[in-house]
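These notes concern the structure reproduced below.
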Amino acid sequence: MLRNLKAEMARKGISGRDIANVLGYDRVATVYDKINGHSDFKFDEAARIKRQFFPEYDIEYLFSSEEQKIS
């Protein structure tokens, strides 16, 4: 599970639909499958999400499967 991504989405009010739109997905469930660890984001997808919604965070922080705190 991508806990950091999920937490930052909640903080900024970004929905799975928002991410699905940026990635060109028809199904929001695809985004949540990836966030919940059922499949993985491709690197280019992760980079687009970071650039569009979270430019202030490192990609490693957002897409780590372990929870990390920002220092």
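The values are calculated or read from the model by the stated rules, or taken from the named source; none is laboratory data. The model shown is predicted, which means the values in this text are computed figures rather than measured ones. Every residue, glycine as well, gets a Cβ built from its backbone with ideal geometry; the counts of neighbours run over all protein chains shown. Each accessible area value is taken on the protein alone, full model and side chains, heavy atoms only, with ligands, DNA and RNA left out. Shrake-Rupley method; radii C 1.70, N 1.55, O 1.52, S 1.80 Å.
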**Prompt:** Looking at A20, is it surrounded by 15 or more Cβ atoms within 10 Å (Cβ to Cβ), outside any loop (DSSP other than H, G, I, E, B) and either at pLDDT 95 or above or touching a helix residue (DSSP H, G or I) at 6+ places or on another chain (Cβ under 8 Å) (or both)?
**Reply:** yes
**Prompt:** Looking at the stretch 24-41, which of its residues are open to solvent by 60 Å² or more (accessible area, probe 1.4 Å) and closer than 14 Å to L62 by Cβ?
**Reply:** D40
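Can you confirm whether I14 is part of a loop (DSSP other than H, G, I, E, B), among the β-branched types (V, I, T) and surrounded by 12 or more Cβ atoms within 10 Å (Cβ to Cβ)?
yes
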**Item:** Qualifying positions in the stretch 45-60 - among the basic types (K, R) and surrounded by 14 or more Cβ atoms within 10 Å (Cβ to Cβ)
**Value:** R48, K50
